[in-house]
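Inspection log for the structure reproduced underneath, given as structure tokens.
The values are calculated or read from the model by the stated rules, or taken from the named source; none is laboratory data. All figures in this text were calculated on a predicted structure; none of them were measured in a lab. With ideal geometry, Cβ positions are generated from the backbone for all residues, glycine too; neighbour counts draw on all protein chains shown. The protein model used for the area step is the full one, side chains on, heavy atoms only, and it has no ligands, DNA or RNA in it. Shrake-Rupley method; radii C 1.70, N 1.55, O 1.52, S 1.80 Å.
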Number of protein chains: 2
Amino acid sequence: MEMMSNDLLIKNARVWPSADAEVIEDASILIKDGELIRIGKFRARANTLIDVDGCLVMPGFVQTYLHLCQTIFRGIAEDMPLLPWLKNYIWPMEASHDPASIRASAILSCAELIRSGTTAFMSMETVRHTNAVFEAVQETGLIGVICHCLMDETGGYKPLTVELEESLAECDVLLDHWGDHERLQLGVAPRFALSCSGDNMRETCDYAREKGLLLHTHASEQIPEVELVKERTGLLNIEYLHSVGLTGPDVGLAHCVHTEPHEREILVETDTRILHCPSANLKLASGIAPIPEYMKAGLTVSIGADGAPCNNRFDMFMEMREAGLIQKPRLRAQALPVADIVRMATLEGARTLRQEKEMGTLEKGKRANLIFLSPDRFHVISSKDPATNVVYSHEASDVMLTMVDGEILYEDGRLTTIDEAALRKTVVEQRQKLEERAF
Amino acid sequence: MEMMSNDLLIKNARVWPSADAEVIEDASILIKDGELIRIGKFRARANTLIDVDGCLVMPGFVQTYLHLCQTIFRGIAEDMPLLPWLKNYIWPMEASHDPASIRASAILSCAELIRSGTTAFMSMETVRHTNAVFEAVQETGLIGVICHCLMDETGGYKPLTVELEESLAECDVLLDHWGDHERLQLGVAPRFALSCSGDNMRETCDYAREKGLLLHTHASEQIPEVELVKERTGLLNIEYLHSVGLTGPDVGLAHCVHTEPHEREILVETDTRILHCPSANLKLASGIAPIPEYMKAGLTVSIGADGAPCNNRFDMFMEMREAGLIQKPRLRAQALPVADIVRMATLEGARTLRQEKEMGTLEKGKRANLIFLSPDRFHVISSKDPATNVVYSHEASDVMLTMVDGEILYEDGRLTTIDEAALRKTVVEQRQKLEERAF
């Protein structure tokens, strides 16, 4: 094997290339220029060598639904139903963001994501300051589709109402700045049927498809929302979203907890992407999304933590465990096998981001986005199956290393791209200022 | 303040004395001979000083339902319904235990418990080798009520069938050895209505009450179990348990997922203790126990992880989070407030162990059973309420120190009473031998 100046060899690994593959014991991974060159049992030399001493090496997680801008609100409004939670706390806090507070929130989010093994994400931000989110995420090294949020009807809550033209003009500016970025992409997110006009949604869809951007919205999270849409439009929520263009393989619909058979047919026919948020659906009392039914129907389902104020974590291990556990009493103990859950958390996430050829599994030619999990924790040492361990036993702190494009973002308990002490200080300061502005 | 040779001062703490108290900022705790002497804002000198640098200091968790002997089976039987899971995997593994394998399982359990902040527990072991569990737990320093299991009818599964006289004779021996232990107590556990004869349950109750021991059984975990009891006895399960003596403040009933109004009346009238196992009830597809209803009726409810093969963790943080989340879609977002959950995980656990005067809160005169939680984790630094953080944000690895009776069992990522490297090696060896014997 030829030696390259920028190559990296991982050795002594239990490599688990994907949810559908067997573990390769005592294996190696060769990486060059951030790309996976070779995976398996082989000998090679490289400029940089990492002996992982028996760690499980697997693809990094892909979370397809987060609100980075809300992380700094964590704990502000607990144990409340969705609508008062949104209107009395989340929207006023979002409206009070400035670039400094949204930046602190985004970096805090990335710190938690990297430490817990998420290497790529899609997020819905707010109606302003999306550029500050891009700048923050860029510094951390994560891969992200960052969606600018559109709301032209907010039920009388003026501070978050932005005209469509102004929103799309901001998207133009964002595209100018970030359109060619290697790790970051712009997406567009009309927030949900009740905070956007039909014209807004239709024109945003046209804009996104003209520019090749992903679309993202909330859908059918709670029954009062579905009923209000029915009352206003005469249509079921998914029927309505379909009528304005918000279905298709380029659309990520968060939640989809309450859907009727005809709506499910539309989702299948249009190959729309379901973004499952198990913890948040419990925390806001929304319900349990029929995920095994969606998967059986052939839908692409991936997982996201939603926002910190309704979770309260950004931890894929918690989401995978919850995704598995909550289906069982409703269906049976065999519902949603662990391999399906890991696939949702990795490859199906990548597919939702339209990057399944680049990430989501460890395969030659894909980007080197991976994590190391400790084999030494008391909660896994008597258990052998990697999928069982990853879904039901491992926790965030078992992540020993997080790598994106061959670059180490976290190792030995330390983030490499974020000044942790400065971040803690900034978050406390910005949270206080934000609360003073909001309330 | 007089200096003592065995006193200890904790300073610079955010002390949270109980679920029902406010946090005391910049506080200290003085401990002497393992007892809490003073808590609050004061200055003192002591032989040993621990500056906790802003950690949250709170009571250690009390888990009231575990199977230490099953921990080494973790991952053996996944995503299966209860009865085949029990009969094809758990019982054959239990029957194949020898003192060495059960010892490895018990120490592994204690390692996970200590690291994740549990300082006291009640466990149901198997029909043999309970002395080896006592010996193992004693070495770790945890406080425990270890229940010897009785099964005289096991549906044709002979290897775990033990005559009542033999079981009670073993209890006599255990009492002789451990009756005066400071941290360990014997309890007795007729396994459940379907694996014990009525005489067995009645005589075990008499025995326990004569000796002053706690009683413990499974109750109404799944509908097939409840139906079988009805078929055999003509009674509802709790009615039947009541008829044989298995109700009262000295009885811990695990699960109680499926109970009818009349059964709930019996539980309330007899002040029987409910042991809630939210994760295990989901994992085995049992259902969601009506915990807010039980609490409203005045019942004492505490929390346990059940066994590692149906969880797969022994982590009170996971159980608290799950306990809170699963009630919300069924009731409403305000169901089961966080302070109630923390109280269940601490004081109500202590009450169930009949040790509420000695532990469960940080108060003068109680035993110094406490944990330190890091204030620096990304998932808590923007959130202020301790109950919210403990239930929905903190994870096991946020425990920085675990103390029982003033003795440090875990600090800076290391266990002080368990040789971790030796444990890992032993667990792997014993698991393999056990599987060879069982299958």
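Say whether the condition of being open to solvent by 10 Å² or more (accessible area, probe 1.4 Å), touching a Leu at 6+ places or on another chain (Cβ under 7 Å) and more than 9 Å from chain A (Cβ to nearest Cβ) is met by at least one residue in the stretch B:422-439. Looking through the stretch B:422-439, none of the residues is open to solvent by 10 Å² or more (accessible area, probe 1.4 Å), touching a Leu at 6+ places or on another chain (Cβ under 7 Å) and more than 9 Å from chain A (Cβ to nearest Cβ). Checked against the criterion of being in a strand (DSSP E or B) and closer than 16 Å to B:GLN355 by Cβ, the stretch B:168-182 has no qualifying residue. The single residue among A:ALA345, A:ALA396 that is assigned by TED's automatic domain parsing to the domain that holds A:GLY40, small (Gly, Ala, Ser) and under 19 Å from the mean Cα position of the chain (by Cα) turns out to be A:ALA396. Taking the criterion of being over 13 Å from A:THR118 (Cβ atoms) and of a type in the set (S, T, N, Q), the residues of the stretch A:310-348 that qualify are A:ASN311, A:ASN312, A:GLN327, A:GLN334.
The listed residues are A:SER374, A:SER393, and the only one of them that is touching an Asp or Glu at 6+ places or on another chain (Cβ under 7 Å) and within 14 Å of another protein chain (Cβ to nearest Cβ) turns out to be A:SER374. Go through the stretch B:59-94 residue by residue and tally those that are of a type in the set (S, T, N, Q) and either open to solvent by 10 Å² or more (accessible area, probe 1.4 Å) or without any contact (Cβ under 8 Å) to a residue 40 or more places away in the chain (or both). Count: 1. Annotation: B:CYS196 fulfils all but one of (1) farther than 25 Å from A:SER382 by Cβ; (2) in contact (Cβ under 8 Å) with a residue 12 or more places away in the chain; (3) open to solvent by 30 Å² or more (accessible area, probe 1.4 Å); the unmet one is (3). Of all residues in the stretch B:274-313, exactly one satisfies the criterion of being of a type in the set (Lys, Arg) and open to solvent by 10 Å² or more (accessible area, probe 1.4 Å), namely B:LYS296. For B:LEU142, the criteria (1) open to solvent by 10 Å² or more (accessible area, probe 1.4 Å); (2) among the aliphatic types (A, V, I, L, M); (3) modelled with pLDDT of 95 or more hold in every case but one, which is (1).
Working only within the stretch A:2-16, note down all residues that are surrounded by 19 or more Cβ atoms within 10 Å (Cβ to Cβ) and at pLDDT 95 or above. Once the filter is applied, which keeps residues that are surrounded by 19 or more Cβ atoms within 10 Å (Cβ to Cβ) and at pLDDT 95 or above, the stretch A:2-16 yields A:LEU8, A:LEU9, A:ILE10, A:ALA13, A:ARG14, A:VAL15, A:TRP16.
Where helices (runs of 4 or more DSSP H) sit wholly within the stretch A:237-352, those with at least 2 residues that are closer than 30 Å to B:MET80 by Cβ and either basic (Lys, Arg) or within 14 Å of another protein chain (Cβ to nearest Cβ) (or both) occupy A:278-283, A:291-296, A:316-330, A:338-345. Look at the stretch B:421-437: where a residue is in a helix (DSSP H, G or I) and a partner is open to solvent by 50 Å² or more (accessible area, probe 1.4 Å), sitting 6+ places away or on another chain with Cβ atoms under 7 Å, you get B:ARG424/A:ASP376.
Of all residues in the stretch A:68-117, those that are of a type in the set (S, T, N, Q) and not in a helix (DSSP H, G or I) total 2.
Just checking, does the stretch B:401-417 include any residue being under 23 Å from the mean Cα position of the chain (by Cα), within 12 Å of chain A (Cβ to nearest Cβ) and crowded, with 24+ Cβ neighbours inside 10 Å? The answer is yes; a qualifying residue exists.
Residue pairs whose Cβ atoms lie under 8 Å apart, separated by 6 or more positions or on different chains, with the first residue in the stretch B:218-240 and without any contact (Cβ under 8 Å) to a residue 24 or more places away in the chain and the second β-branched (Val, Ile, Thr) and open to solvent by less than 30 Å² (accessible area, probe 1.4 Å), are B:LEU235/B:VAL229.
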